[in-house]
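Structure record follows, encoded as structure tokens.
The values are calculated or read from the model by the stated rules, or taken from the named source; none is laboratory data. Since the structure is predicted, the reported quantities are computational estimates derived from the model, not experimental observations. Neighbour counts are summed over all protein chains in view; Cβ atoms, including those assigned to glycine, are modelled from backbone coordinates with ideal geometry.
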Amino acid sequence: MTVPPADERPPYLRAADELRADIARGRYKVGDQLPGAPELEKRFGVAPMTLRNAMRVLREEGLIYAVQGRGTFVRQTPKQAQGAGPEAGGEMVQVPAADLERLMTLLESQQEQIQQALQRIDALEERQSGKPRR
């Protein structure tokens, strides 16, 4: 990452800005998977926690999303995210942090249950057909 010497912002914000710019320029398009953490840590010269903070910023902006065990993907461009606010007819909802944590825990639990159900379905279909499904 090329950082101007006068840039005194925290490294996680600089990394988030560079990734945001990559998405805006089309280096990573909507639906594309971002490189893995080790590659991004090396690219930006940051520690794992610093990269996680940068990714958190982009997730909170709605630019990226993560799928457990699969990776991190581009959800929308910065321009699309700007058009999603109340001024564009979208709804702004204030959620207390504690409630948000509980919701995230619930969603993660549901995601795990769905994954387990899909694995059971795959196993049943495999037994019925005698061939692996995927």
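Residue-by-condition table, conditions (1) loosely packed, with under 15 Cβ neighbours inside 10 Å; (2) touching a Cys at 6+ places or on another chain (Cβ under 9 Å); (3) touching a residue at least 60 places away in the same chain (Cβ under 8 Å); (4) farther than 20 Å from E101 by Cα:
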{"site": "R14", "(1), (2), (3), (4)": "no, no, no, yes"}
{"site": "L19", "(1), (2), (3), (4)": "no, no, no, yes"}
{"site": "D22", "(1), (2), (3), (4)": "yes, no, no, yes"}
{"site": "G31", "(1), (2), (3), (4)": "yes, no, no, yes"}
{"site": "G36", "(1), (2), (3), (4)": "yes, no, no, yes"}
{"site": "E41", "(1), (2), (3), (4)": "no, no, no, yes"}
{"site": "A47", "(1), (2), (3), (4)": "yes, no, no, yes"}
{"site": "T50", "(1), (2), (3), (4)": "no, no, no, yes"}
{"site": "V67", "(1), (2), (3), (4)": "yes, no, no, no"}
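Residue by residue, here is whether (1) modelled with pLDDT of 90 or more; (2) on the phi > 0 side of the Ramachandran plot holds:
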position: P11; (1), (2): yes, no
position: A21; (1), (2): yes, no
position: P35; (1), (2): yes, no
position: P38; (1), (2): yes, no
position: G62; (1), (2): yes, yes
position: R75; (1), (2): yes, no
position: G85; (1), (2): no, no
